[in-house]
Amino acid sequence: MDLSAFPYLQGNYAPVDEERDVANGELRVEGEVPRQLTGAYMRDGANVAFQPNHYVYPLDGDGMIHAMYFNDGRVHYRNRWVQTSHLQTERKFGRTLYGSVGKLLEVPQEVVDAGGEPNPVRNTANTNVLYHGGKLLAMWEGGFPHLLNNDLSTVGLYDYDGALQPGDALTAHPKVCPDTGQLISCTQRWDSPAYNVQIFDRNAKHLRTIPVEFPRKGIIHDLQITENYVVIFYAPAFHSLERAMRGEDPFLWEPEQGTRIVVIPRDGRSENIVFETDAFFSWHFCNGFESGGLIVIDYIWINSIPFTQAQGTGVEKQPRRMFRMTLDLASKAVTNEQFSDIFSEFSRVDERRMGKHYRYAFAASSNRDWGDAHGYNCTGQFDFERGSTQLWEYGPEANAGEPVHVPNPDSEREEDGWVMCFVHNPGEGAFLSVLSAGDVSRGPVAKIHIPGRVPNGFHANWMPGVTLRGGSA
Ligand SMILES: [Fe+2]
């Protein structure tokens, strides 16, 4: 592959070409692996199998899962591609057949005639990997999720026993309610602005659909829950399928329209509450909760949709910051304040506090200028009680991924858990960093070094009880 034309396939964004297993004895560990943990840390990401003809970060690229399984202080690393029908078709033909989400191509007739995947839109399965209701799913927001076995082998597309209709695109950012075990998700469609909140019970059985009407199909990547509501941002960011089919830049940013914040009652029984504010964009929420008559939302703020400013250059220089927004349900007033001036993305919390009052957030962060060497070289801890931010820097040129809070099964306290992310540090290689959630400034309590490379990726989760053999606990 010659990837020199693609800025977001350089350095540690470049793909790996092998599926590997590295067993406990072959993984060099600095520090100590927490013995209390049984489960798996898994992270999804883009890993092109064939040279692409066009590439939009972060939406393109074949999904690959990197997993670190934990059991009684022992660890096992495994990575596998998600075997999507697009990837399987390309493997059969031995070359790239499909375009990009930024530039769709007509599928060659010979591919269709041979029974290959006829949809020009590639379901990459590259965005998130989630374990809920006994199902391990690789998710991408443009289509159905892919069901995986715990050993990362692919079962196939999953429609929640028929709850998803053909053409439904399930978000890659559902939230799990810690009280009910419900999965609060949504579907959108390529062919209409329809947006439907979808609620599944703790066993992944579909409970209800709550429709939300929008005039145009917006780019709505994430959603946030509170005890009683689902909150979404409707930014003036749009994707035009027609423009993508014509080979034009399909991404539109219309800031004069402002950003709408839509608050949707989770029971589906009362009206949505809509707030209006100046235009901003966000990929990711951090957390949200209700406090008196206010809804508090913490999220990563961006001043506009990233694609429009630096499409194809790979040098994104827009600030991304942790913001705290309050929504006054009575007066409809919106306040929106920067919490930290640290460049951050991929914010996470202790999932037991999802939708509830909480103290700590974690994010991939950077303590240096956002130059050509693109990446997050730190894990950040945000203390909302003290109003402070702590960083642990892995190295000036390091790339640190999404930090996932892993609770200590013996404690209810956020600070007694760990925070894990994959790190690539030139000169040191790849490792899974295990930080103390209460004090990231001490540095990793364990570094699990992985021979070879783990490319930069997207979203990760801790899957309690999931082991390599024998299914879930
Ligand atoms: Fe995301």
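The spacing between region 406-473 and region 133-181, judged by their C-alpha centroids, is 23 Å. The distance linking region 245-285 with region 85-101 is 33 Å (Cα centroid to Cα centroid, whole angstrom). Which value in nm describes the separation of the simple spin-label points at Gln109 and Arg95, placed 7 Å from the Cα toward the beta carbon? About 1.8 nm, to one decimal.
With θ taken as phi - 60° and the Karplus curve 6.51 cos²θ - 1.76 cosθ + 1.60 applied, the whole-hertz 3J(HN,Hα) list for region 16-24 is 9, 10, 10, 9, 9, 10, 10, 7, 3 Hz, x standing for glycine and proline. Distance between the 7 Å Cα→Cβ label points at Glu18 and Arg453: 1.3 nm. Cross-link partners of Lys135 among aspartates and glutamates, defined as those whose alpha carbon lies under 17 angstrom from its own and excluding same-chain residues fewer than eight positions apart: Asp44, Asp151, Asp159, Asp161, Asp201. Extension gain for the segment Arg246 to Leu294, taken as residue separation times 0.36 nm less the Cα-Cα distance, is 12.8 nm to one decimal. When Rg and the Kirkwood radius Rh are both evaluated on Cα atoms of the chain, their ratio Rg/Rh stands at 0.93.
Computed packing ranks the peptides 60-66, 82-88 as 60-66, 82-88, most packed first, by mean other Cβ atoms within 10 Å.
Listed by chain and number, the aspartates and glutamates whose C-alpha is less than 15 Å from the C-alpha of Lys217, apart from same-chain residues fewer than 8 away, are Glu141, Asp168, Asp191, Glu242, Glu254. Once the C-beta distance of Arg469 and Ser331 is scaled by a Förster radius of 51 Å, the resulting FRET efficiency is 0.35 to the nearest 0.05.
Annotation: extensible slack from Arg28 through Asn119 equals 28.4 nm (criterion: 0.36 nm per residue apart, minus Cα-Cα distance).
Highest mean first, the peptides 394-406, 37-49, 242-254 sorted by other C-beta atoms within 10 Å per residue fall in the order 37-49, 394-406, 242-254. Using a simple spin-label model with pseudo-atoms 7 Å out from Cα toward Cβ, Arg269 and Ala163 lie 2.0 nm apart. Annotation: amide H of Thr84 has no partner in the under-5 Å range at sequence separation 5 or more or interchain, hydrogens built in the peptide plane. Phi angles of region 98-108 translate, via the Karplus equation with coefficients 6.51, -1.76, 1.60 and θ = phi - 60°, into HN-Hα couplings of 10, x, 10, 5, x, 7, 7, 10, 5, 6, x Hz per residue; Gly and Pro are given as x. Close amide H pairs (under 5 Å, H built 1.01 Å from N) link Thr38 with Gly465, residues at least 5 positions away or on another chain. Amide H contacts for Tyr229 (H built 1.01 Å from N in the peptide plane; partners 5 or more residues away or on another chain; cut-off under 5 Å): Arg266.
Once a ≥ b ≥ c are taken as the square roots of the eigenvalues of the Cα gyration tensor of region 1-161, is the result rounded (a/c under 1.5), prolate (a/b larger than b/c) or oblate (a/b not larger than b/c)? It is prolate, given that a/c is not under 1.5 and a/b is the larger ratio.
Over the chain, dividing the summed -39,500 (n - 2.57) contributions of all DSSP H runs of at least 4 residues by the number of residues returns a 222 nm mean residue ellipticity of -1000 deg cm²/dmol. Overall, the anisotropy analysis places region 353-473 in the oblate class: the square-rooted eigenvalues a ≥ b ≥ c of its C-alpha gyration tensor yield a/c not less than 1.5, with a/b not exceeding b/c. Other residues within the sphere of radius under 12 Å centred on the Cβ of Pro451, judged by their own Cβ, net out at 0 (K and R +1, D and E -1).
Restricting the calculation to Cα atoms, every distinct pair contributes to the Kirkwood radius of region 179-227, found to be 11.8 Å. In terms of the mean number of neighbouring beta-carbon atoms within 10 Å, the peptides 353-360, 413-420, 327-334 order highest first as 413-420, 353-360, 327-334. Excluding Val197 itself, what net charge comes from residues whose Cβ is under 9 Å from its Cβ, given Lys and Arg +1 and Asp and Glu -1? So the environment of Val197 carries a net charge of +2.
Values quoted throughout were computed directly from the atomic coordinates according to the rules given, and no laboratory measurement underlies them. Keep in mind that this is a model prediction, so the values were computed, not measured. Positions of Cβ are generated from backbone atoms using ideal geometry, with glycine treated the same way; all protein chains shown enter the neighbour counts.
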